[in-house]
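Visitor: This is the structure I have questions about; it appears just below.
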Amino acid sequence: MRSSKLHIALFSLLFLSNHQTAFSQLNIFQEAFEQKKVDEAMQAFDKAWSMDSNEAKPFIIKYLSLYAMKGDYTTAYNRLQPLIANNALPTYLKDKAESLYKTCSFAIRYPIAKEITIQNIGDSINSKDAEYFPSINFQDSILLFMRRANWQREDFYVSYLNKDGFTKAQLMKDALNSSAKKGSASVSKDQQTLYFAADFPGMGYGRYDIYKVVATDSGWSSPKNLGRNINTDFWESAPSISPDGNALYFCSNSPDGYGGIDIYVSYKNEKGYWEEAENLGPNINTAADEQAPFIHADNQTLYFASSGWPGFGGSDVFVSRKNKNGEWSKPINLGYPINTFDNEGSISVTSNGQDAFMASDRADTRGGLDIYKVVLAESTRGFMKEDTTDFAVVVNQTKNFNAVLFEVNSDQIKFVGNELDSVAKFLILNKKATIIIEGHTDNTGNVTQNLLLSSKRAEAIKQWLINHQVEANRISTIGFGDKVPIASNNTEAGRALNRRTSFRIIF
């Protein structure tokens, strides 16, 4: 009798010890899972299962999802199949198992394009904070993105592309950063108008609205709400302006959609006003969430994120094309490893249709979300635009750089318009051509300082051309200060015209 009681006591102690040890390993598993330490989480679960499978069983689907996180959808699929077929899972796990099984079934049947590459864009853009919502301009020379410090305040940053890559990102100091809560931004092709989402207390109709700012000599203007035809009492965000400036794509959680968050478009009428927004319809939107639309430079290829269309898990990025009748095609998944088991969000595709920038949280992140450069699969690329500029280079005539913007009283270039792209291409193709760059100011301020500023601005444009493969010995600069006005300095409008940089190409 005593022996029997002793055996029971020893068994109870052993069971309790195993239970506690298994519980301890499951805690390690949970913590490692949350931190995306996949291998560590797998090891902890395997130990817990060997000690007490009943204690570990509630976590079996979460454990199998780790294989999907590693991109090993086949193993996850093969191990899920008998559990589902044999009805070996408790009721509370069946829905999760079916969802994971559906995801793995899609993933193992989806061809992986060998041309896809993904690379962290580097420390000039990414930091210990989260970077997301990348937006490349139509000339592929300026990258705007959002940075969130300590997962609280959101601010717009800008970086410029030169021959050595992207410059160190700078905080945009204009009024569009005045709100702590903002969404993504999109710049018009002429770089004179910027659309963005924000929550400005007292200025909006809903929690987030879409605003615009326009370029001025002193920076971006004060934000202006786009009005009731676009914004509602609900949530609007993620604007993307078309290359012709006549269509604005964005997302909204308005209840008149297909469910969750949908993508809408508003068209500009002949008078320049935005018409009432239209839902893009069931070829794009689902009962789940569709977000972060991006219209390509070809004006017929739309990229967006969705948790409703079949994918690799979570939210994936898709592409759809508009036909000649204005109808959108069934979305195509951008494929693995662009899309993974985690949530993928915003993407911005360059004018060549091949390269893209996207936000993601991967193993080499500097901290949270980082921005990555991506080469897309051929089947998901936008149509290449050989020349996305509308600017004609004229020989032996002086012409203004209308879209090159400088910081106030500075030679720091703020925005590079399409003129510089066209000039650089022309000079590269015509090796016997040379260029003279002129800087001009109005007559306010000190004459000597104006002369120096005009010279420095001309030199800044020269350096930009050198960075874009134009030989330095083919570029001359001169600063005129206020000596060559083209309008009266007695009015602000005239002074604005006199503050300019110009050029003349000669052979």
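Visitor: So how do 175-185, 440-450, 311-321, 420-430 stack up, highest first, on mean other-Cβ count within 10 Å?
Guide: Details: 175-185: 20.1, 440-450: 16.1, 311-321: 23.0, 420-430: 17.7.
Answer by packing, highest mean first, reads 311-321, 175-185, 420-430, 440-450.
Visitor: As I understand it, the value is the acute angle between the Cα axis of helix 2-34 and the longest principal axis of the Cα atoms of the chain; what does it come to in degrees, rounded to 10?
Guide: 10
Visitor: What are the principal axis extents of the Cα atoms in the range 170-218, in Å, biggest first?
Guide: That works out to 29, 20, 17 Å along the principal axes.
Visitor: Here's another thing I want to ask about it. Over all directions, what mean area does the Cα convex hull of the range 117-380 project, stated in square nanometres? Spell out each step's value before the answer.
Guide: Values: hull surface 54.4 nm².
Value for the range 117-380: 13.6 nm².
Visitor: Moving on. Quote the convex hull volume per residue of the range 399-506, based on C-alpha atoms, as a whole number of Å³. Provide the component values of the computation, followed by the final result.
Guide: Values: hull volume 9.6 nm³, N = 108.
Spelled out: Cα convex hull of the range 399-506, divided by residues, is 89 Å³.
Visitor: Percent of Cα-Cα pairs more than 24 Å apart in the range 204-313, please. Intermediate values should be presented prior to the final figure.
Guide: Numbers: 1525 of 5995 pairs.
Every Cα pair in the range 204-313 considered, those over 24 Å come to 25 percent.
Visitor: Here is a further query. Do the sum for the chain: with -39,500 (n - 2.57) for every DSSP H run of n ≥ 4, divided by all residues, what is the mean residue ellipticity at 222 nm, to the nearest 500 deg cm²/dmol?
Guide: Working: 9 runs with 133 residues, N = 507.
One gets -8500 deg cm²/dmol as the mean residue ellipticity at 222 nm.
Visitor: Now, a different point. Which one, GLY382, LEU465, PHE200, is farthest towards the positive end of the dipole of the chain when Lys and Arg carry +1 and Asp and Glu -1 on their Cβ?
Guide: So the residue furthest toward the plus end is LEU465.
Visitor: Hull surface divided by four, with the convex hull built on the Cα atoms of the range 46-94: how many nm²? Kindly include the intermediate steps, with their values, before the conclusion.
Guide: Details: hull surface 14.0 nm².
It is 3.5 nm².
Visitor: Using the Kirkwood radius over Cα pairs, work out the Stokes-Einstein diffusion coefficient for the range 68-160 at 20 °C and 1.002 mPa s, in µm²/s as a whole number. It would help to have the intermediate numbers written out before the result.
Guide: Numbers: Rh = 17.2 Å.
Answer from the Stokes-Einstein relation: 125 µm²/s.
Visitor: A follow-up question, please. Rank-order 33-46, 129-142 by packing density, defined as the average count of other C-beta atoms within 10 Å over each peptide's residues, highest first.
Guide: Values: 33-46: 16.5, 129-142: 22.6.
The densest-packed peptide leads the list: 129-142, 33-46.
Visitor: Multiplying the sequence separation of ASP72 and ARG504 by 0.36 nm and subtracting their Cα-Cα distance, what value in nm do you get?
Guide: 149.6 nm
Visitor: Any idea what the alpha-carbon Rg over 2.2 N^0.38 Å comes to for the chain?
Guide: On the way: Rg = 28.3 Å, N = 507, 2.2 N^0.38 = 23.5 Å.
Here the answer is 1.21, to two decimals.
Visitor: Could you sort 66-75, 53-62 so that the peptide with the highest average Cβ count within 10 Å comes first and the rest follow in order?
Guide: Details: 66-75: 18.2, 53-62: 16.4.
In decreasing order of mean packing, 66-75, 53-62 become 66-75, 53-62.
Since every read-out is calculated from the coordinates, none of them should be taken as a lab result. Remember, predicted model here, so these are calculated numbers, not experimental data. All Cβ positions, glycine included, derive from the backbone under ideal geometry; neighbour counts span all protein chains shown.
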